[in-house]
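Values in this text are rule-based calculations from the coordinates and carry no lab data. All values reported here derive from a predicted model rather than from experimental measurement. Don't worry about glycine lacking a Cβ; one is built from the backbone with ideal geometry, like all the others, and counts go over all protein chains shown.
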Amino acid sequence: MVMGVSGCGKSTIGAGLAKASGGRFLDGDDYHPQTNIDHMAAGKPRTLDMRRPWLDARAGAATDARTDQNVGFACSALKKSYRDHLRTGIPQLRIAYLDAPQDVVTRRLVGRDHDYMPASLLDSQYATLEVPQNANAVVSIDQPISNIIDRLTRLC
């Protein structure tokens, strides 16, 4: 799992990592129910009750896809309890944490077009973030994407 705050590059890095390893990539954004999308589009952070079904869908999809290949997926998983919840469905979960300075992410979010994740929610992402203490890899996003993928390929 490639994790971090919104706008840190989870999807880009995860897709590149999956390609480099010959595996499959599942984007966390593809598993949001419409109610969550509408909530975030209105500038409101999701609640724990809104996150649990999304986390369950992520774990189920990753487990199902692993039957014939390596699978990587993007998921914010900002709290330790969310990562622990994912581990109940994916006991062998490996975590790559994208360490993202807020000023770098802010510049990215302001410059990107996203259907439902406004830059105004970034403060809530950092307020929620519990930096993982048991990540398999920690990589700063303040470097070229190819460097990040190369490093994660070696570490994960």
Checklist entry - In straight Cα distance, which lysines are under 29 Å from LYS44, not counting same-chain residues fewer than 8 positions off? => result LYS10, LYS79, LYS80
Checklist outcome for this item: For the chain, percent of DSSP beta bridges that are antiparallel (nearest 5) comes out at 0
Checklist outcome for this item: Summing -39500 (n - 2.57) over every DSSP H run of at least 4 residues in the chain and dividing by its residue count gives a helix-only mean residue ellipticity at 222 nm, to the nearest 500 deg cm²/dmol, of -14500 deg cm²/dmol
Next on the checklist: If I model a spin label as a point 7 Å beyond the Cα along the Cα-Cβ vector, how far apart are those points for ARG94 and ALA127 in nm?
Outcome noted: 3.6
Next on the checklist: Below 8 Å, C-alpha to C-alpha, sequence gap of six or more: please give me the relative contact order for the chain in percent.
Outcome noted: 36
Checklist entry - Most fluctuating residue of GLY28, GLY111, GLY16 in a GNM of the chain with Cα springs under 10 Å: which is it? => result GLY111
Checklist entry - Excluding SER140 itself, what net charge comes from residues whose Cβ is under 11 Å from its Cβ, given Lys and Arg +1 and Asp and Glu -1? => result -1
Checklist outcome for this item: Per-residue Cβ contact counts at 10 Å, fewest first, order ARG58, ARG46 as ARG46, ARG58
Item to check | For the stretch 102-108, Karplus couplings with θ = phi - 60° (6.51, -1.76, 1.60), whole Hz, Gly/Pro x | outcome: 4, 5, 5, 5, 4, 4, 5
Checklist entry - P(r) of the stretch 2-155 in 5 Å steps, Cα pairs, percent per bin? => result 2, 9, 19, 24, 23, 15, 7, 1
Checklist entry - Tell me, in nm to one decimal, what length is gained between GLN102 and ASN134 on full extension, where the rule is 0.36 nm per residue of separation less the Cα-Cα distance? => result 9.4 nm
